[in-house]
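The values are calculated or read from the model by the stated rules, or taken from the named source; none is laboratory data. Everything numeric here is computed off the predicted structure, so don't read it as measured data. Here the Cβ is made from the backbone with ideal geometry for all residues, glycine too, and neighbour counts use every protein chain on show.
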Amino acid sequence: MNSIITIRASSLGTLFDCPARWAATHIDGLRMPSNGKATLGKAVHASTAVFDQSTIDGAGITIDESAAAAVDAITHPDDEVVWGEDSPVDAEKIAISLHAKYCQQIAPKQQYTAVEVTCEKLEIADLGIALSGSTDRIRRVAEGQAICDLKTGKTAVGSDGTVKTAGHAFQMGVYELLAQHSAGVPITGPAQIIGMNTAKTPASQRIGTGEIVGARDVLLGDGESPGVLEHASRLIHSGSFFGNPKSMMCHQAYCPIHSTCKFRK
Ligand code: SF4
């Protein structure tokens, strides 16, 4: 293996969904403007992080005070945002409502030990890759310490209140490795996903949690079949970045090479 290529934990899903889109973004550095959904997600991440950090520090920042971080993320975004069919006014209302639900229903049950942990790169030299990313939360659980990830989306929580965890194990597994590497604490409890539905009406803005036990297991091979990281390494180092025009994200709003991609023809 002659070069180390960095994979952001949050991009692993894209790598397997459409390798050509992943390469355009993460190898060629092409960027899309942000969109309303991503900005709403960032807003809720920002405000809940302020609230949870204040709880850890004993700073006493209230739910209403910390909601200001959500409003700020929407009114002063870091990146250009193409709102499309979404609107900043709606996004602000949804973000404030979800923020309050999270602070009232989820946060009091959690024992967080760290918030928004930016992790050092974790190099896996024999696979020629390095993992990077930030972990939303580390929390104390009966088994020890565990990671926790906040996910917003239209279908993050089902109508029966369950959070979809299928398909998230490898991303959670990478966060576990990164948290162990950076925070220096063994991660021994199940990964938790906190799902928040970004529907317009408060009644449909469901919020809930789901757990994944053994998230790291899928990353590593079992001697007979390779793990996800080995698949990722082979794909990246082969340079065979094929496209998947059936991807849900195969759209001009999400793919930087949509207008020129030969796989769409
Ligand atoms: S246009 Fe579609 S198939 Fe081509 S890279 Fe983008 S997402 Fe993949």
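When Ala59, Ala68 are checked against the criterion of being away from the ligand (no atom under 16 Å from the Cβ), at pLDDT 95 or above, surrounded by fewer than 18 Cβ atoms within 10 Å (Cβ to Cβ) and not in a helix (DSSP H, G or I), Ala59 stands alone in meeting it. In segment 217-244, of all residues being away from the ligand (no atom under 16 Å from the Cβ) and either assigned to a loop (DSSP other than H, G, I, E, B) or aromatic (Phe, Trp, Tyr) (or both), the one that is surrounded by the most Cβ atoms within 10 Å (Cβ to Cβ) corresponds to Gly227. Suppose the filter is crowded, with 20+ Cβ neighbours inside 10 Å, closer than 20 Å to Ile194 by Cβ, at pLDDT 95 or above and polar (S, T, N, Q); does Thr39 pass it? When the stated conditions are applied, Thr39 passes them. When Ala23 is tested against (1) surrounded by 15 or more Cβ atoms within 10 Å (Cβ to Cβ); (2) more than 16 Å from the ligand (Cβ to nearest atom); (3) over 18 Å from Gly195 (Cα atoms), only condition (2) is not met.
For segment 250-265, filtering for residues that are surrounded by 11 or more Cβ atoms within 10 Å (Cβ to Cβ) and more than 6 Å from the ligand (Cβ to nearest atom) leaves 3.
Counting the residues of segment 178-196 that are of a type in the set (Val, Ile, Thr) and surrounded by fewer than 18 Cβ atoms within 10 Å (Cβ to Cβ) gives 2. Just one of the listed residues (Thr188, Thr201) is more than 11 Å from the ligand (Cβ to nearest atom) and either more than 30 Å from Met32 (Cβ to Cβ) or among the charged types (D, E, K, R) (or both), and it is Thr188. A search for C-beta distances below 8 Å between a residue of segment 15-27 that is of a type in the set (Ser, Thr, Tyr) and any residue that is part of a helix (DSSP H, G or I) and within 11 Å of the ligand (Cβ to nearest atom), counting only pairs 6+ apart in sequence or on different chains, returns Thr25/Thr14.
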